[in-house]
Amino acid sequence: MSQSRLARLVGIDQSTIASLEAGKSRSSAHLHKIARELRTTPAYLTGETDDPESGAPALPALSRDDVELLEKFALLSDRARAALMTMIDELTPDRPASVHGKRHTYRANSQGG
């Protein structure tokens, strides 16, 4: 997962993720959110434990629809995946569309396009 994607999921600046990853910062008020998105614990991220799964949240169970969607997603080209992820980011109301909180609106061409 890229730093920018993780930052979008957590709702923080990408620079915060970069600082934590580079070791320039060892703590963040958002560390628990970062750990949750990465399906691990803050203790693992800070090096307090070597076991990334000890105490980590369980993975959610996938429905048949979820599995089918993942299988179809795997068949897409990289370009189609990127386009779909952009659409999903725009349609997901509980997550910021960008690190800076800006939401982009896409409109069809008003001249019949």
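Laid out as a table, the results:
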item	result
Matching residues, the stretch 17-39, being farther than 23 Å from Thr92 by Cα and either among the hydrophobic types (A, V, I, L, M, F, W, C) or within 15 Å of the chain's Cα centre (by Cα) (or both)	Ala18, Leu20, Ala22, Ala29
Only one of Ala43, Ala35 that is assigned to a helix (DSSP H, G or I) and within 22 Å of Arg5 (Cβ to Cβ)	Ala35
Among the candidates Gly55, Gly47, residue that is without any contact (Cβ under 8 Å) to a residue 24 or more places away in the chain, exposed (fewer than 11 other Cβ atoms within 10 Å of the Cβ) and at positive phi	Gly47
Tally, over the stretch 34-44, of residues that are open to solvent by less than 60 Å² (accessible area, probe 1.4 Å) and in contact with a Leu (Cβ under 9 Å, 6 or more places away or on another chain)	4
Test: residue in the stretch 48-56 that is of a type outside the set (S, T, N, Q) and in contact with a His (Cβ under 8 Å, 6 or more places away or on another chain)	no
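The values are calculated or read from the model by the stated rules, or taken from the named source; none is laboratory data. In this text, all values refer to a predicted model and were calculated from it rather than measured experimentally. Please note: Cβ atoms are built from the backbone with ideal geometry, for glycine as well, and neighbour counts cover all protein chains shown. Heads up: the accessible areas ignore ligands, DNA and RNA and are worked out on the full protein's heavy atoms, side chains in. Shrake-Rupley method; radii C 1.70, N 1.55, O 1.52, S 1.80 Å.
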